[in-house]
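Written out below as structure tokens is the structure these notes cover.
Just so it is clear, none of the values below were taken in a lab; they were calculated from the coordinates. Since this is a predicted model, take the numbers as computed values, not measurements. As a convention, Cβ positions derive from the backbone with ideal geometry for all residues, glycine included, and neighbour counts pool all protein chains shown.
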Amino acid sequence: MKFVIIGGDAAGMSAASRAKRTDPDMDVVVLEQTHDVSYSACGMPYNIADPQRDMEKLVVRKAEVFIEKNKINLLTGHRVTAIDRAAKKISGITIEGDPFVFDYDKLFIATGAAPVIHDLPGFDLPQVMVLKSLEDGKRIKEYIIQKNIKKAVIIGMGYIALEMCEAFEKRGVKISMVKPGPVFLPWLFSDLADVVYEELIHMGVDIHSGHSVQKIEPLGNGVQVICENLTLEADLVLAAFGVKPCSGMAKNAGLDLGMSGSIAVDKYLQTSDKDIFAAGDCADAYHVVTDSKCWIPLALRANRAGWAVADNVCGTRTCLQGVAGTSVFKVFSLEVARSGLNFKEALDAGFDPVENTVKTRSRAHGQPCSTPIHINMVADKKTGRLLGTQMLGKEGVVHRINAVAVALQCKMTVEDFSQTDLAYAPPFGPVWDPLLTAANQLIKKI
């Protein structure tokens, strides 16, 4: 069997490695358009923050290792441009401009996601950058040093934007953030979003919500970001509008698309063509709470789905239950976490949602260094089922959210969750864990 994989990052290399372990004689070909494979993209903001750390430290495994040790036919600098489903062939062009064609028995599309870039004047200027690939990270890090960057404008206020605030601040860069929407973090419960907002203000970040960027113009060695009723000067602009699935090639090949234009797959990661699979940030998934399709591009899903694709290609029928959208990020001293649905998402999904917010402590009474933890918990009033949780604080948040993720996976009620035997010791939390306190208070509303 010839197993061809388009894309050499998390999902693609996970599938290639597992397929080769399962069937060493299988002809596994991976085509990656860049020269980087298997690296920690999520670590880039923290690497940029430290001028002493080499960006290459984020590479988990070099291409040569996959080729020599795993015997994978990994070809970097190969950009696939078309899929011919009838002939079962893919074609493309190398970075040197040479065309290529490969046939396949089974095809795996793992093309990931790409940064959203608005078609506005000035976004092609050299001072305007995105952060998605390892090359992007290297470019930003080198530019900060070479140009002695002192002022940056971040367009957008998503995960990458917020994480890069800390990276810029550690490099002595003054930060301004701007976005068109009037609400700072619309997906986060307002009381929690206010805490994040105050943290950013405290750290000297200027926040400008409700301003649409119209254009970017050169200004000396830097630029000026021109918005409605606002102009911001910068040495560097980070465009952090978010990402979109790289599904154009699949669409051109006639494959069905799903949520947000991602490639539609079933629970076995199979597309509308039985010989083509898709997974990672380019493909959709099922949500464990709603059992409906969603598009939530996250690293664990990509790696796990890559394994599942390899199993299915090798003959072991493997199904993935789905995702809960569990995510965490750091904003200066704050840990922010979520899993499942917020109130509005629950309402849109057809539930009868009820929510409650508590403010408790990260450690037991009397313990030094105890800090506040804010928790917003959502449930279905009719069934009592736990639907989602958001939480933030300066400690004890990130790993607590995993308990919620397990509860959502098991479709627990809030009452069931309130009876779970969570660990207790004074340095780590109160007798009544913050999550149990939140659950007990929500039961009253249910």
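Ordered from longest to shortest, the equivalent ellipsoid semi-axes for segment 29-182 are 34, 20, 13 Å, each the square root of 5 times a Cα gyration tensor eigenvalue.
Here is the result for segment 329-393: no GluC sites (Glu not before Pro) lie in DSSP coil with at most 15 other C-beta atoms within 10 angstrom of their C-beta. Comparing Cα centroids, segment 74-95 and segment 260-309 end up 21 angstrom apart.
Within segment 150-203, the chymotrypsin sites (Phe, Trp or Tyr not before Pro) that combine a DSSP coil assignment with at most 15 other C-beta atoms in a 10 angstrom radius are 187. The residues 401, 149, when put in order of fewest to most other Cβ atoms within 10 Å, stand as 149, 401. Debye-formula intensities of segment 180-262, expressed as log10 I(q)/I(0) at q = 0.13, 0.20, 0.23, 0.27 Å⁻¹, are -0.67, -1.00, -1.11, -1.27 (one equal scatterer per alpha-carbon, no solvent). Over all Cα atoms in segment 1-112, the spread is summed up by Rg and Dmax: 15.0, 51 Å. Each part reduced to its alpha carbon centroid, segment 168-212 and segment 120-160 end up 18 Å apart. Ordering 34-41, 418-425 by mean Cβ neighbour count within 10 Å, with the highest value first, yields 34-41, 418-425.
The distance linking segment 239-259 with segment 338-399 is 32 Å (Cα centroid to Cα centroid, whole angstrom). So which of 251/411; 170/215; 344/411; 62/251; 170/330 end up more than 23 Å apart, counting from Cα to Cα? Table pairs above 23 Å Cα-Cα are 251/411; 170/215; 62/251. Structural size metrics of segment 334-445, computed from C-alpha coordinates, are Rg and Dmax of 13.4, 44 Å. Taking the inverse of the mean 1/r over every pair of distinct Cα atoms in the chain gives a Kirkwood hydrodynamic radius of 23.6 Å. The trypsin sites (Lys or Arg not before Pro) of segment 1-90 that meet both conditions, a loop assignment by DSSP and at most 12 other Cβ atoms within 10 Å of the site Cβ, are 69. Taking other C-beta atoms within 10 angstrom as a stand-in for reagent exposure, 118, 208 fall in the order 118, 208, fewest first.
With the largest listed first and rounded to whole Å, the semi-axes of the equivalent ellipsoid of segment 145-194 from the Cα gyration tensor are 25, 11, 8.
Divided by 2.2 N^0.38 Å, where N counts the residues, the Cα radius of gyration of segment 221-373 comes to 1.41. Each other residue within a Cβ distance under 15 Å of residue 86 adds +1 if Lys or Arg and -1 if Asp or Glu, for a net charge of -1.
For residue 243, the residues whose modelled amide H falls within less than 5 Å of its own, excluding neighbours fewer than 5 places apart on the same chain, are 116. Here the mean projected area of the convex hull built on the C-alpha positions of segment 1-45 is 3.4 nm². Comparing mean-square fluctuations of 151, 394, 382 from a GNM of the chain with C-alpha springs under 10 Å, the top value falls on 382. By other beta-carbon atoms within 10 Å, ranking 282, 319 with the fewest at the front produces 319, 282.
For segment 128-239, a Kirkwood radius taken over Cα pairs fed into Stokes-Einstein (4 °C, viscosity 1.567 mPa s) yields D = 90 µm²/s. Near residue 352: Cβ cut-off under 9 Å, other residues only, Lys/Arg at +1 and Asp/Glu at -1. The net charge is +1. With K and R counted +1 and D and E -1, the other residues having a Cβ less than 13 Å from that of residue 247 yield a net charge of -1.
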